[in-house]
1. Just to confirm the numbers: residue B:112, label point 7 angstrom along the Cα-Cβ line, distances to the other copies in nm, shortest first?
2. Counting only residues 5 or more places away or on other chains, whose amide H sits under 5 Å from the amide H of residue A:25 once H atoms are built in the peptide plane?
3. Given a Förster distance of 35 angstrom, what is the FRET efficiency for residue A:71 paired with residue A:16, based on the Cβ-Cβ distance and rounded to 0.05?
4. Express in whole angstrom the spacing between the alpha-carbon centres of segment A:18-95 and segment B:59-121.
5. What is the fewest-to-most order of A:113, B:90 by other Cβ atoms lying within 10 Å of their Cβ?
6. How far is helix A:43-52 tilted off the main Cα axis of chain A, in degrees rounded to 10, range 0 to 90?
7. Any chance you could list P(r) for the protein assembly as shown, counting all Cα-Cα pairs in 10 angstrom bins from zero, rounded to whole %?
8. Between residue A:52 and the same site in the other copies, what are the distances in nm, shortest first, taking label points 7 Å from Cα along the C-beta direction?
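What follows is calculated from the coordinates using simple rules that are stated; it is not laboratory data. Just so you know, these numbers come straight off a predicted model, no measurement behind them. Glycine also receives a Cβ, built like all others from the backbone with ideal geometry; neighbour counts cover every protein chain displayed.
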Number of protein chains: 2
Amino acid sequence: MASKTDLDPAIATRLKRTPDGLVAAIVREHDTGDVLMLGWMDDEALHRTLTTGRATYWSRSRQEYWVKGATSGHHQYVKSVALDCDGDALLVTVEQVGAACHTGEHTCFFTELPVTGVEQR
Amino acid sequence: MASKTDLDPAIATRLKRTPDGLVAAIVREHDTGDVLMLGWMDDEALHRTLTTGRATYWSRSRQEYWVKGATSGHHQYVKSVALDCDGDALLVTVEQVGAACHTGEHTCFFTELPVTGVEQR
């Protein structure tokens, strides 16, 4: 995580971060409303996302910033960013070029888990 | 976080957790596709969600489990749960009773942040 950032302090003060300094960024496709993926942003990644219009994340595995699409060509053009009520999550609405998932799937959420106890209202 | 859990080891082994042992749970409304909120689950919260059909989270602020709606009446009946490709996020599709946000808003993502650099493809 970068030690310095130009993120607006008025925004930074609202963030509630994980122990490693990150907020969860939910990525939603503008045209379809589909939930595509979840990325992680530190303050600087959020700053870059807001000021460049290109979705930028912090990679927990590689410990570096990445601009979505920089290597894959599967760019995410940012339409809007919303912060949630308690400051630990962002909803990033994007125009997605190509597949959002590195596996080539449209979204990263393609593994269904068994729900065995389905309660009806 | 609970030290013991009955979560299926085949699922547990796929999870990539935050330093405090949590995965992000994106909550989406079944009927509308709206992204309602983001909660956090440890292994046991996920186990309870899958086996009871009621969305159950770990509260980072209160350091305890909470069943959504237990005090508010704003229950979340789980329709499906999907794990993402790298195991650090869940997409929980629910039937939401009432407002998802504790503020009374339909979703928690009602604070728009300014996107100043909008790039066009």
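1. Inter-copy label distances (nm, one decimal, shortest first): 3.6.
2. Distant-sequence amide H within range of residue A:25: A:39, A:40, A:41, A:90.
3. Details: r = 31 Å, r/R0 = 0.88.
Calculated value: 0.70.
4. Distance between centres, Cα-based: 16 Å.
5. Details: A:113 19, B:90 24.
The fewest-first ordering by Cβ neighbours comes to A:113, B:90.
6. Orientation of helix A:43-52: about 90 degrees from the principal axis.
7. Calculated P(r), rounded to whole percents: 8, 34, 38, 18, 3.
8. Nearest first, the other copies' label points are 4.3 nm away.
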